[in-house]
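Chemist: Next up is a structure, given as structure tokens.
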Amino acid sequence: MKMHPIPAERIESRILLVRGQRVLLDTDLATRYGVPVSALNQAVKRNLECFPGDFMFQLTWEEVEDLRSQTVILNKVMPPAARRGRHVKYRPYVFTEQGVAMLSSVLRSKRAVQVNVEIMREIGEVKELVAGLGPRARAGTPREAAAFGEVVLISVPYAALPQIGRDLAAELKGKVVLETGNPVQARDGDMAVEARAKGTGVASAEFLPGVRLVRAFNSVGYNSIRSEAHRSGERVAIPLAADDEAALKIAIRLVEDAGFEPVVVGPLARAKEFDYGTPVLGKALTARELRKVLGIAS
């Protein structure tokens, strides 16, 4: 049998919170396993004794409608064959971590085993990361994070930003949001070209209506973020742009606490000056160097 590459998207981005449990939809798992969702569910039904209620359950119509209203199922998850117009035609099954672990034993394929190893590895990596951050840190879904945080940092491929703005509008409304993404056409498609033409600060504000937006942490690579924080001497500069003065003050304090020097460039319209493709992108400049390149007075 021909083996197809496992989808590269990390599984934690597909986790939903239902009935207080973190679960994965049958459609997402079927995509990972490279089988039709009907085949996955048939295999499960033939082995129901392996899937008690804390391993797997079927969504109610109310839960389907709740997810549909958040555009998670109809617009993002459900395949075309499973939706007609505005109505979902079947109630999906969802699987907890234990249920996912059991799936490879009932699907009985090398790919299923390989996929489950990757999923369990990703889940383990997240748990290790959280443990390393200290006792006050915990993992959560994007919706949980958006609801919990007083200040939210969004760092996703730029093409995902419009969906986040739609799905999490209620949770993010009125909150300070630090947005770090860079629109890259090769990855994000034509929307990246449009965003860069407007300026990412302007485009991001359109994708995230109702938030108190600050563009931050997009111009310095993650390796420098990791290695240069709190360095001695002149610190690495982080350019900031915002229209909300109070949100900007919060971002300034967070940048300082993270071990960098904030440089206020101006309103969101000026975030274009440190966008993808500008001379400052990807460079760990000091504040003095950054101001010189951007023509900002000290």
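The values are calculated or read from the model by the stated rules, or taken from the named source; none is laboratory data. Just so it is clear, the model here is predicted, and its values are computed rather than measured. Ideal geometry is used to build each Cβ from the backbone, glycine not excepted, and the neighbour counts take in all protein chains shown. Quick note on the areas: whole protein, heavy atoms, side chains included, nothing else; ligands and nucleic acids left out. Shrake-Rupley method; radii C 1.70, N 1.55, O 1.52, S 1.80 Å.
Chemist: Any chance you could get the radius of gyration and Dmax over the Cα atoms of the chain, in Å?
Modeler: Computed over the Cα atoms of the chain, radius of gyration and Dmax are 21.8, 70 Å.
Chemist: Shifting gears a bit: Could you go through region 30-39 in sequence order and give the Karplus-derived ³J(HN,Hα) for each residue, using 6.51 cos²θ - 1.76 cosθ + 1.60 with θ = phi - 60°, rounded to whole Hz, and x for Gly and Pro?
Modeler: 4, 4, 4, 7, x, 10, x, 4, 5, 5
Chemist: While we're on this one: So how exposed is residue 153, as accessible area in Å² (1.4 Å probe, rounded to 10)?
Modeler: Its accessible surface works out to 100 Å², give or take rounding.
Chemist: Given a 10 angstrom Cα cut-off, can you work out which residue in 162, 36, 135 is the most mobile in a GNM of the chain?
Modeler: Judging by the Gaussian network model, the answer is 135.
Chemist: Work out how much length residue 193 to residue 153 would gain on full extension: take 0.36 nm times their residue separation and subtract the Cα-Cα distance, in nm to one decimal.
Modeler: Extra length available between residue 193 and residue 153 comes to 12.1 nm.
Chemist: For the chain, give the share of DSSP beta bridges that are antiparallel, in percent and rounded to the nearest 5; count only bridges with both residues there.
Modeler: 50 percent
Chemist: Pop the C-beta distance of residue 46 and residue 137 into the FRET formula with R0 = 45 Å and round what comes out to the nearest 0.05.
Modeler: Values: r = 40 Å, r/R0 = 0.90.
Plugging the Cβ-Cβ distance into 1/(1 + (r/R0)^6) gives 0.65.
Chemist: Here is a follow-up. Summing +1 for each Lys or Arg and -1 for each Asp or Glu, what net charge is found among the other residues whose Cβ lies under 13 Å from the Cβ of residue 192? List each step's numbers first, then the result.
Modeler: Values: positive: 187, 196, 198; negative: 188, 190, 194, 275.
Every neighbour counted, the sum reads -1.
Chemist: Moving on. Can you give me the Kirkwood hydrodynamic radius for region 150-227, using every pair of distinct Cα atoms, in Å to one decimal?
Modeler: When all Cα pairs of region 150-227 are included, the Kirkwood radius is 12.8 Å.
Chemist: Take every Cα pair under 8 Å in the chain that's 6+ residues apart, average their separations, divide by the length, and report that relative contact order as a whole percent.
Modeler: Normalised by residue count, the contact order of the chain is 13 percent.
Chemist: Now, a different point. Mind telling me which of 118, 171, 273 comes out most flexible in a GNM of the chain, alpha-carbon contacts under 10 Å?
Modeler: Of 118, 171, 273, the Gaussian network model singles out 118 as fluctuating most.
Chemist: Now a separate question. Determine the alpha carbon to alpha carbon distance for each of 127/283; 127/198; 198/283 and list only those over 29 Å.
Modeler: From 127/283; 127/198; 198/283, over 29 Å: 127/283; 127/198.
Chemist: With the alpha-carbon atoms as the only input, what is the per residue convex hull volume for region 149-298 in Å³?
Modeler: Spread over its residues, the Cα hull of region 149-298 gives 102 Å³ apiece.
Chemist: Carbon-plus-sulfur fraction of the accessible area of the chain, 1.4 Å probe, in percent?
Modeler: Its accessible area is 55 percent carbon and sulfur atoms.
Chemist: Now for a separate question. List the trypsin sites (Lys or Arg not before Pro) in region 168-214 that DSSP assigns to loop (not H, G, I, E or B) and whose Cβ has at most 15 other Cβ atoms within 10 Å. Which are they?
Modeler: 173
Chemist: Turning to a different aspect of this structure: Between residue 145 and residue 293, 0.36 nm times their residue separation minus their Cα-Cα distance comes to what? Could you put the intermediate results ahead of the total?
Modeler: Working: separation 148, 0.36 × 148 = 53.28 nm, distance 3.58 nm.
Extra length from residue 145 to residue 293 when fully extended: 49.7 nm.
Chemist: Accessible area per residue of region 175-249 at 1.4 Å probe, in Å²? If you can, show how the numbers build up before the last one.
Modeler: Details: 3360 Å² over 75 residues.
Here the residues of region 175-249 average 45 Å² of exposed surface.
Chemist: Step by step: find N for region 92-167, compute 2.2 N^0.38 Å, then divide the Cα radius of gyration by it. What's the final number? Write down the numbers at each step before the final one.
Modeler: On the way: Rg = 15.9 Å, N = 76, 2.2 N^0.38 = 11.4 Å.
For region 92-167, the normalised Cα radius of gyration is 1.39.
Chemist: Any idea how far apart residue 91 and residue 117 come out in nm if each label point goes 7 Å out from Cα toward Cβ?
Modeler: Label at residue 91, label at residue 117, 3.7 nm between them.
Chemist: Connecting C-alpha atoms closer than 10 Å in a GNM of the chain, tell me which of 91, 108, 32 has the biggest fluctuation.
Modeler: Among 91, 108, 32, the largest mean-square fluctuation in the Gaussian network model of the chain belongs to 108.
Chemist: Treating the angle as unsigned and between 0 and 90°, give the value, to the nearest 10°, between the Cα long axis of helix 245-257 and the longest Cα principal axis of the chain.
Modeler: 80 degrees
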